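The values are calculated or read from the model by the stated rules, or taken from the named source; none is laboratory data. Quantities reported herein were computed from a predicted structural model and do not represent experimental measurements. Positions of Cβ are generated from backbone atoms using ideal geometry, with glycine treated the same way; all protein chains shown enter the neighbour counts. Quick note on the areas: whole protein, heavy atoms, side chains included, nothing else; ligands and nucleic acids left out. Shrake-Rupley method; radii C 1.70, N 1.55, O 1.52, S 1.80 Å.
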There are 2 protein chains.
Amino acid sequence: MKIAEVSEKYGISTDTLRYYERVGLIPPVPRNGSGIRDYGDTEAKRIEFVKCMRNAGLPIEVLIEYFDLAQQGDATLAARKALLTEQRDLLLARIAELQATLDLLNYKIEVHVNALLKNEREIAWVED
Amino acid sequence: MKIAEVSEKYGISTDTLRYYERVGLIPPVPRNGSGIRDYGDTEAKRIEFVKCMRNAGLPIEVLIEYFDLAQQGDATLAARKALLTEQRDLLLARIAELQATLDLLNYKIEVHVNALLKNEREIAWVED
DNA sequence: ATAACACTTGGAGTCGACTCCAAGTCAAGG
DNA sequence: CCTTGACTTGGAGTCGACTCCAAGTGTTAT
């Protein structure tokens, strides 16, 4: 798969894909005879995972660290688990915060709806 | 309340508080005789709301628009409701995404835990 | 075979949201 | 009176994460 196809498939710009490779978030992608990137399944899986994690706000730095550890084999299993757990906990806390804001937003909307209804009644009364 | 106290109370830097005022996210704060900001309850409430919304990722621009509308009175009630509803829906979608990533993260952690347990068993077997 | 087009590179530019800085003013304590 | 320390201003700098650009090479269709 060429870069344009990968970009299309995952909704990530070609610039971003190359950028990820540059900073080490994705390992060097294999090239065909004329130096053009040829993404395979391994790459695709990695990209999908990165997309998901980035979308949830995990910093690029953290992901790089994770992949660096993974690349060192079983000796780093515990460290990787710790890293993932930390990010999981941060995410959990984040979700709780967003949920709280969601509740507030819903309450505010409710208030606006009520105000609108009240206005309608008053207009009806005036026009009667 | 002086700016340092507000900063302390809400965990927002004085720089950020002044920045918010500059860009119109908070209306001009009243000053005492010598030009120093004196925050009151109205200001505090606004700051708290802004903090909550910003924390949930609502862009500054959107919040400014909301306050601009609010300042124009009842005629903008419907517009404000629409704005809030749009942001609420975005937030809802965001939470769902984060939840999906959370699930994936939990699964990954599980995989690591299993690998660790397997290693332990192997070590035990070697050392027996 | 020549135009059109996807790909390559390194480096510069952009964006939102702060964050820091220099230079100055003012109130209070020793 | 003089220092200390919190406050003021406008403007510049930083950060993470892209995003864009110029200049060049390779592939494909007419």
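Some points to look at:
- Residue list for the range A:82-128, filter: small (Gly, Ala, Ser) and open to solvent by less than 40 Å² (accessible area, probe 1.4 Å): A:ALA115
- Listed by first and then second residue, the pairs linking a residue in the range A:31-42 that is closer than 15 Å to A:TYR10 by Cα to a residue that is aliphatic (A, V, I, L, M), with Cβ atoms under 8 Å apart and 6 or more places separating them unless they lie on different chains, are A:TYR39/A:MET1; A:TYR39/A:ILE3; A:TYR39/A:VAL6; A:TYR39/A:VAL29; A:TYR39/A:ILE47; A:GLY40/A:MET1.
- Extreme residue, most open to solvent (accessible area, probe 1.4 Å), among residues of the range B:31-58 that are out of contact with any helix residue (DSSP H, G or I) (no Cβ under 9 Å at 6 or more places or on another chain) and closer than 19 Å to A:LEU104 by Cβ: B:LYS45
- So A:LYS2, is it within 12 Å of DNA strand D (Cβ to nearest atom), at pLDDT 95 or above and open to solvent by 60 Å² or more (accessible area, probe 1.4 Å): no
- Selection status of B:THR42, among the β-branched types (Val, Ile, Thr) and more than 14 Å from the chain's Cα centre (by Cα): yes
- A search for C-beta distances below 9 Å between a residue of the range A:66-83 that is at the interface with chain B (Cβ under 10 Å from one of its Cβ atoms) and any residue that is part of a helix (DSSP H, G or I) and among the aromatic types (Phe, Trp, Tyr), counting only pairs 6+ apart in sequence or on different chains, returns A:ARG80/A:TYR66; A:LEU83/A:TYR66.
- Here B:LEU17 passes the criteria (1) away from DNA strand D (no atom under 13 Å from the Cβ); (2) in contact (Cβ under 8 Å) with a residue 12 or more places away in the chain except the one numbered (1).
- Answer residue from the range B:5-30, given it is within 11 Å of DNA strand C (Cβ to nearest atom) and more than 21 Å from B:GLU61 (Cβ to Cβ) and is most open to solvent (accessible area, probe 1.4 Å) among those: B:GLY11
- Any hit, the range A:43-54, residues being away from every other protein chain (no Cβ under 14 Å) and not acidic (Asp, Glu): yes
- Checking each residue of the range B:64-79 against the condition of being within 20 Å of the chain's Cα centre (by Cα) and closer than 19 Å to A:GLU110 by Cα gives at least one match.
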